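Data first, discussion second: the structure below is written as structure tokens.
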Amino acid sequence: MPHNLGVRKDVTVIGGGPVGLFAAFYAGLRGMSVRIIDSLPELGGQLTALYPEKYIYDMPGFPKVLAKELAVQMAEQAQMFGPELVLEETAQTLTEDEEGFLIGTGTAIYPTRTVIISAGAGAFSPTKLGVPLEEQYVGRGLSYGVREKSVFAGKRVLVVGGGDSAVDWCLNLEPIAKEITLVHRRDQFRAHEESVRQLEQSTVGMRLWQVIKELHGADQLEAVTIENSQTKELERVETDAVIVNVGFKSSLGPIKDWDLQIEKTQIVVNDQFETNRPGVFAVGDVCTFPSKMKLIATGVGEAAIAVGFAKLRLDPEAKLFPGHSSDMDLGTPS
Ligand SMILES: Cc1cc2nc3c(=O)[nH]c(=O)nc-3n(C[C@H](O)[C@H](O)[C@H](O)COP(=O)(O)OP(=O)(O)OC[C@H]3O[C@@H](n4cnc5c(N)ncnc54)[C@H](O)[C@@H]3O)c2cc1C
């Protein structure tokens with residue numbers, strides 16, 4: 001059991017996707033202290049993890065906006081009132097104490113007065129290569145994303161995948177790495193057309209119709225065996241680093257064990273977005289009610305209502321509707 005005990009917050013938002021980000025902003029607007037927990041290293045939920053390069057056309061005020069750009073703006077708005085950010089930790093347990101709730105992540109325990117679950121389809125984790133010894137090389141040359149570009153300076157890097165993330169990382173690392181090679185199991189890309197065009201004009205090497213079958217190295221990764229999926233021919237390729245970008249899996253996982261009423265994979269809420277556990281709210285893709293629509297536009301409305309009822313729980317004298325933001329003096333956000 002971890003001993004690291006956080007400061008008690010008025011509300012802890014589990015999930016930093018668009019709906020959780022708006023919940024965090026709105027709770028800050030209502031003068032509540034806020035914490036956001038997300039299992040990923042970056043805020044934005046599905047927008048950043050699943051479709052960063054796609055355009056969204058149904059956001060009020062944006063006739064067309066790239067998902068990753070919307071995520072950046074929503075993350076900035078969410079941080080306007082200085083919430084505590086806990087990234088790369090997954091909420092595993094939810095227990096009660098005399099002042100509210102304790103959320104355990106395995107790294108720390110986070111006390112909170114109320115909880116808003118905006119966990120989407122559940123915690124994301126990167127899809128693995130599924131080859132022997134994979135765990136052993138994680139952090140020793142094998143990674144599932146890029147935290148710090150400088151780590152790859154002057155190195156021979158293999159990037160695995162054919163989607164936006166893989167193509168983007170090839171282009172991003174090309175100026176600093178010694179050599180970049182893209183390993184993709186097909187010859188078609190699921191990436192933005194313009195990125196693929198840039199890739200074709202770059203110095204990035206292409207290994208198409210190839211998959212990684214084995215990893216080699218003493219302590220650090222030194223080489224891989226790749227297989228041509230058409231001819232089944234095997235080849236050993238020397239490398240310093242492999243970056244795997246073959247998508248994410250999501251799972252409601254531990255939330256299923258929190259004594260919440262669940263229908264299929266969603267948490268049942270009432271018209272206040274409260275679950276069967278008083279003080280625990282659920283909003284966005286993770287919640288269900290009779291007229292549920294899984295959209296960002298409706299999810300952020302759910303978040304504002306849930307925040308209102310969380311506020312009322314802490315301060316019964318407070319109003320559900322706080323007034324318009326345009327009537328509040330919020331200064332000029334930078
Ligand atoms: C390809 C695609 C295109 C789409 N296009 C549109 C569109 O055009 N318009 C639109 O409105 N919607 C669109 N959507 C749907 C939209 O992205 C979702 O409705 C929205 O992302 C839901 O937001 P959310 O915050 O509820 O959940 P998510 O975005 O799923 O975020 C949930 C977050 O919670 C985290 N999490 C989960 N469990 C835990 C845990 N136990 N501990 C810590 N963190 C946890 C996850 O890591 C994740 O970051 C699209 C979806 C896809 C897949």
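Hey, if you put +1 on the Cβ of every Lys and Arg and -1 on every Asp and Glu Cβ in the chain, which of Val183, Ile36, Pro322 ends up farthest toward the positive end of that dipole?
It is Val183, whose Cα lies furthest towards the positive end.
Given axes a ≥ b ≥ c from the Cα gyration tensor, I'd like to know whether segment 73-137 is rounded (a/c under 1.5), prolate (a/b larger than b/c) or oblate. Mind dumping the intermediate values first?
Values: a/c = 2.57, a/b = 1.52, b/c = 1.70.
Judged from the Cα gyration tensor, segment 73-137 comes out oblate (a/c at least 1.5, b/c at or above a/b).
Work out the P(r) tail for segment 214-314: percent of alpha carbon pairs separated by more than 15 Å, whole number.
Values: 3627 of 5050 pairs.
Of all Cα-Cα distances in segment 214-314, 72 percent exceed 15 Å.
Take the residue pairs Lys54/Lys178; Lys68/Lys249; Lys149/Lys294; Lys54/Lys249; Lys9/Lys128; Lys68/Lys178 and return only those whose Cα atoms are more than 25 Å apart.
Details: Lys54/Lys178 30 Å; Lys68/Lys249 19 Å; Lys149/Lys294 35 Å; Lys54/Lys249 19 Å; Lys9/Lys128 35 Å; Lys68/Lys178 28 Å.
Listed pairs above 25 Å: Lys54/Lys178; Lys149/Lys294; Lys9/Lys128; Lys68/Lys178.
Can you work out the Karplus-derived ³J(HN,Hα) for every residue in segment 105-120? Use 6.51 cos²θ - 1.76 cosθ + 1.60 with θ = phi - 60°, whole Hz, and x for glycine or proline.
Calculated HN-Hα couplings, in order: 10, x, 9, 8, 10, 10, x, 7, 7, 9, 10, 10, 8, 10, 8, x Hz.
Hey, could you grab the Kirkwood Rh for segment 63-216? Inverse mean 1/r over distinct alpha carbon pairs, Å, one decimal. It would help to have the intermediate numbers written out before the result.
Working: mean 1/r = 0.0530 Å⁻¹.
In segment 63-216 this quantity evaluates to 18.9 Å.
Go ahead and collect, in residue order, the members of segment 216-252 whose backbone nitrogen is under 15 Å from a label point 7 Å along the Cα-Cβ direction of Arg140.
216-224, 240-242
Which residue, chosen from Ala67, Val196, Thr231, occupies the Cα position most advanced towards the positive end of the dipole of the chain, where the dipole is computed from +1 (Lys, Arg) and -1 (Asp, Glu) charges on Cβ about the Cα centre?
Thr231
Given +1 on the Cβ of Lys and Arg, -1 on the Cβ of Asp and Glu, and no further charges, what dipole in debye does segment 82-154 carry about its Cα centre, rounded to the nearest 20? Show your work: numbers first, answer last.
Working: 5 positive and 10 negative charges, 106 e Å.
I would put it at about 500 debye.
For segment 221-261, give the magnitude of the charge dipole about the Cα centre (Cβ charges: +1 Lys/Arg, -1 Asp/Glu; no others), in debye to the nearest 20.
Details: 4 positive and 8 negative charges, 50 e Å.
My answer is approximately 240 debye.
Loop-only GluC sites (Glu not before Pro) in segment 254-333, please: DSSP not H, G, I, E or B, and at most 12 other Cβ atoms within 10 Å. Don't skip to the end; give the middle numbers.
Details: sites: Glu263, Glu274, Glu302, Glu317; in loops: Glu317.
Here the GluC sites (Glu not before Pro) that fit, given the DSSP loop and packing criteria, are Glu317.
Rounded, prolate or oblate: which fits segment 150-199 when a ≥ b ≥ c are the square roots of the eigenvalues of the alpha-carbon gyration tensor, with rounded for a/c under 1.5 and prolate only if a/b beats b/c? Numbers along the way, then the final one.
Numbers: a/c = 2.53, a/b = 1.69, b/c = 1.50.
Prolate shape, in that a/c is at least 1.5 and a/b is the bigger ratio.
Compute the distance in nm between two label points, each set 7 Å from the Cα along the Cα-to-Cβ direction, one at Val131 and one at Glu96.
In this crude label model, Val131 to Glu96 measures out at 5.0 nm.
Among Thr90, Thr48, Thr181, determine the one that fluctuates most according to a GNM of the chain built with springs between C-alpha atoms less than 10 Å apart.
Evaluated over the chain, the most mobile residue of the options is Thr181.
Just flag the trypsin sites (Lys or Arg not before Pro) in segment 32-73 sitting in loop per DSSP whose Cβ has no more than 14 other Cβ atoms within 10 Å. Don't skip to the end; give the middle numbers.
Values: sites: Arg35, Lys54, Lys64, Lys68; in loops: Lys54, Lys64.
Here the trypsin sites (Lys or Arg not before Pro) that fit, given the DSSP loop and packing criteria, are Lys54, Lys64.
What number does segment 1-133 give for Rg over Rh if you use C-alpha atoms and the Kirkwood radius?
Values: Rg = 15.8 Å, Rh = 15.5 Å.
Value, to two decimals: 1.02.
Taking 30 Å as R0, compute the FRET efficiency from the Cβ-Cβ separation of Leu312 and Glu76 and round it to 0.05.
Working: r = 28 Å, r/R0 = 0.93.
Plugging the Cβ-Cβ distance into 1/(1 + (r/R0)^6) gives 0.60.
For Asn228 and Asp271 in one chain, what is 0.36 nm times their gap in residues minus the Cα-Cα distance, to one decimal in nm? Don't jump to the answer; show the numbers that get you there.
Working: separation 43, 0.36 × 43 = 15.48 nm, distance 5.46 nm.
Once the chain is fully extended between Asn228 and Asp271, it gains 10.0 nm.
Please give me, ordered by residue number, the GluC sites (Glu not before Pro) of segment 104-155 that lie in loop per DSSP and have at most 11 other Cβ atoms within 10 Å. Intermediate results must be reported in sequence, preceding the final value.
On the way: sites: Glu134, Glu135, Glu148; in loops: Glu148.
Counting only loop positions with at most 11 other Cβ atoms within 10 Å, the GluC sites (Glu not before Pro) in segment 104-155 are Glu148.
Pop a pseudo-label 7 angstrom from the Cα along the beta-carbon direction at both Asp327 and Met293 and give the gap in nm to one decimal.
Taking the two extended label points, one gets 2.7 nm.
Tell me, rounded to the nearest percent, the portion of alpha carbon pairs in the chain spaced more than 36 Å apart. If you can, show how the numbers build up before the last one.
Details: 16198 of 55611 pairs.
Cα-Cα pairs in the chain separated by more than 36 Å: 29 percent.
At R0 = 41 Å, how high is the FRET efficiency between Leu85 and Arg197 if r is their beta carbon distance? Nearest 0.05 is fine.
Details: r = 36 Å, r/R0 = 0.87.
The calculated FRET efficiency here is 0.70.
Between Pro111, Pro316, Pro18, find the one with the highest GNM mean-square fluctuation for the chain; connect C-alpha pairs within less than 10 Å.
Of Pro111, Pro316, Pro18, the Gaussian network model singles out Pro316 as fluctuating most.
Once the Cα atoms of segment 128-246 are picked out, what are the Rg and Dmax in Å?
13.2, 40
Looking at segment 128-246, what % of its DSSP beta bridges pair antiparallel, to the nearest 5?
On the way: 11 of 27 bridges.
Beta bridges within segment 128-246, antiparallel portion: roughly 40 percent.
Taking the DSSP beta bridges in the chain as the whole, what percent of them are antiparallel, to the nearest 5? List each step's numbers first, then the result.
On the way: 30 of 65 bridges.
So the antiparallel bridges in the chain amount to around 45 percent.
How big is the charge dipole of the chain about its Cα centre, in debye rounded to the nearest 20, if each Lys and Arg gets +1 on its Cβ and each Asp and Glu gets -1 on its Cβ?
On the way: 32 positive and 44 negative charges, 87 e Å.
In total the dipole reaches around 420 debye.
Give me the distance in nm between label points sitting 7 Å out from Cα along the Cα-to-Cβ direction at Glu238 and Gln188, one decimal.
3.7
Return the long-range amide H neighbours of Leu66 (sequence gap of 5 or more, or a different chain), with a cut-off of under 5 Å between placed amide H atoms.
Those lying under 5 Å, H to H, from Leu66 are Ile56.
Where is the GNM fluctuation largest for the chain (alpha-carbon springs, 10 angstrom cutoff): Ala23, Ala119, Ala241?
Between Ala23, Ala119, Ala241, it is Ala241 that shows the largest mean-square fluctuation.
Could you give the DSSP H helices of the chain that reach 15 angstrom or more along their long axis (alpha carbon positions) and whose average Kyte-Doolittle hydropathy is no lower than -1.0?
Working: long enough: 18-29 (16 Å, 1.59); 67-78 (16 Å, -0.07); 296-314 (27 Å, 1.21).
Sorted by number, the helices that extend far enough and score high enough are 18-29, 67-78, 296-314.
If amide H atoms are built 1.01 Å from N in the plane of the peptide, which residues on other chains or at least 5 residues away come under 5 Å of the amide H of Ser229?
Distant-sequence amide H within range of Ser229: Gln210, Val211.
Every number here is computed from the coordinates shown, using simple stated rules; none is lab data. These numbers come from a predicted model, not from an experiment. Positions of Cβ are backbone-derived with ideal geometry, glycine not excepted, and every protein chain shown enters the neighbour counts.
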